[in-house]
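Report on the structure given below.
The values are calculated or read from the model by the stated rules, or taken from the named source; none is laboratory data. Source: prediction; values computed, not measured. As a convention, Cβ positions derive from the backbone with ideal geometry for all residues, glycine included, and neighbour counts pool all protein chains shown.
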Amino acid sequence: METLKNEIRKIFRNDLIHKPERVEIEEKDTYIIVKVKENATEADFKELKIEFPKEIEILPLLIDKDKYYTVFNINGNKKCECAILVKENDSYYLTLVEMKSTLRTFRIKKLIEIKEKFKCSLYVSLIILKLFDIIPKKIYGLIPHLRKETISPTTFDIANMDRDSSEREFLKEWESSELKFEWIYNTKIVLHKREFNEDSINWAEINTI
């Protein structure tokens with residue numbers, strides 16, 4: 001992973017990987033803590049702590065829309081807090097973190113906005129990793145929020161929606177916890193969504209999705 005970090009630095013600015021005010025990595029005796037920080041004053045959680053086993057390799061990627069969206073010609077101006085590339089044994093996993101208080105108002109457009117944030121950061125991350133022939137085995141999206149119940153179509157009046165409505169189809173997708181994105185050659189990328197109402201989570205909880 002250190003070799004990959006050095007190669008990325010040859011192409012992109014250093015703050016793509018290391019930006020202490022947003023992401024910190026703290027090594028303990030038996031585990032590693034990644035702290036992802038949110039600066040928005042209205043955010044429910046200002047910091048998310050993710051615990052990883054000591055033997056796992058971690059590389060955080062800070063997605064900056066001003067630098068990378070222009071380069072990769074991706075529509076949209078939204079992004080997640082960060083992407084975390086994890087290497088466990090010989091497999092790579094990509095985890096996106098969205099911490100803003102988007103879920104304060106439970107409206108469909110807010111959920112769609114979260115998917116858009118995942119999409120933009122996902123595409124930029126995958127394009128960067130593709131330069132190094134890295135294809136993540138699985139992709140996760142973390143959404144910590146205070147509400148004790150997870151969001152599902154039952155939160156909305158889905159029964160009264162037109163069966164052919166795009167909003168109804170989106171809510172069914174959201175409930176499945178598998179968000180799907182268009183990819184090359186008419187393929188789909190699946191992001192496994194994980195909602196939880198805590199400010200901490202560990203890799204075992206994420207990787208069992």
For this session: Give the number of residues within segment 172-209 that are under 18 Å from residue 119 (Cβ atoms), among the hydrophobic types (A, V, I, L, M, F, W, C) and surrounded by fewer than 16 Cβ atoms within 10 Å (Cβ to Cβ).
Result: 3
Exercise. Hey, among 10, 28, 19, which residue is at pLDDT below 95 and surrounded by 15 or more Cβ atoms within 10 Å (Cβ to Cβ)?
Worked result: 19
Problem set entry | Among the residues listed as 62, 4, 48, 16, the single one being among the hydrophobic types (A, V, I, L, M, F, W, C) and touching a Lys or Arg at 6+ places or on another chain (Cβ under 6 Å) | 62
Exercise. What single numbered condition from (1) closer than 16 Å to residue 132 by Cα; (2) touching a Phe, Trp or Tyr at 6+ places or on another chain (Cβ under 6 Å) fails to hold for residue 5?
Worked result: (2)
Seminar exercise, completed: Note on residue 83: of the conditions (1) modelled with pLDDT of 90 or more; (2) assigned to a helix (DSSP H, G or I); (3) among the small types (Gly, Ala, Ser), unmet is (2)
For this session: Hand me the list of strands (runs of 3 or more DSSP E) wholly inside segment 20-60 holding 2 or more residues that are in contact with a Phe, Trp or Tyr (Cβ under 6 Å, 6 or more places away or on another chain) and closer than 20 Å to residue 206 by Cα.
Result: 47-53
For this session: Restricting attention to strands (runs of 3 or more DSSP E) lying wholly within segment 113-209, give those where 1 or more residues are closer than 23 Å to residue 32 by Cα, modelled with pLDDT of 90 or more and of a type outside the set (A, V, I, L, M, F, W, C).
Result: 138-144, 188-196, 200-202
